[in-house]
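For reference, the structure is listed below as structure tokens.
The values are calculated or read from the model by the stated rules, or taken from the named source; none is laboratory data. The structure displayed is predicted, hence computed values, not measured ones. Here the Cβ positions follow ideal geometry from the backbone for every residue, glycine too, while neighbour counts run over all protein chains shown.
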Amino acid sequence: MFIEKVEIKEARKLIAAGRQPYQYLTKNPHVLPIFGPRLEDPGERNRAKKEGRLAENVEAAQQIAKRFGTEVSMVSFLTDNLK
């Protein structure tokens, strides 16, 4: 598995094509991670959900990031191979 990081514009295209984000990366690296629907570990998923750090899409991730005083700058996807 590899982590592929892309800009938001490209991420929207990948999501529209059916890819699921693993993590939303913010401009402030000190903010705890905001995870996407590709987070598969049940314990981590439940913890992120309880802490309000689980987002199904870019818009929801931006709202979460705003609560922490930052914004999403990139989105990461898990992939078996790189382009």
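Looking only at segment 51-70, decide whether some residue is without any contact (Cβ under 8 Å) to a residue 12 or more places away in the chain and among the aliphatic types (A, V, I, L, M). Yes - at least one qualifying residue is present in segment 51-70. At least 1 residues being charged (D, E, K, R), exposed (fewer than 11 other Cβ atoms within 10 Å of the Cβ) and at pLDDT 95 or above is the threshold, and among the strands (runs of 3 or more DSSP E) wholly inside the chain those reaching it are 2-7.
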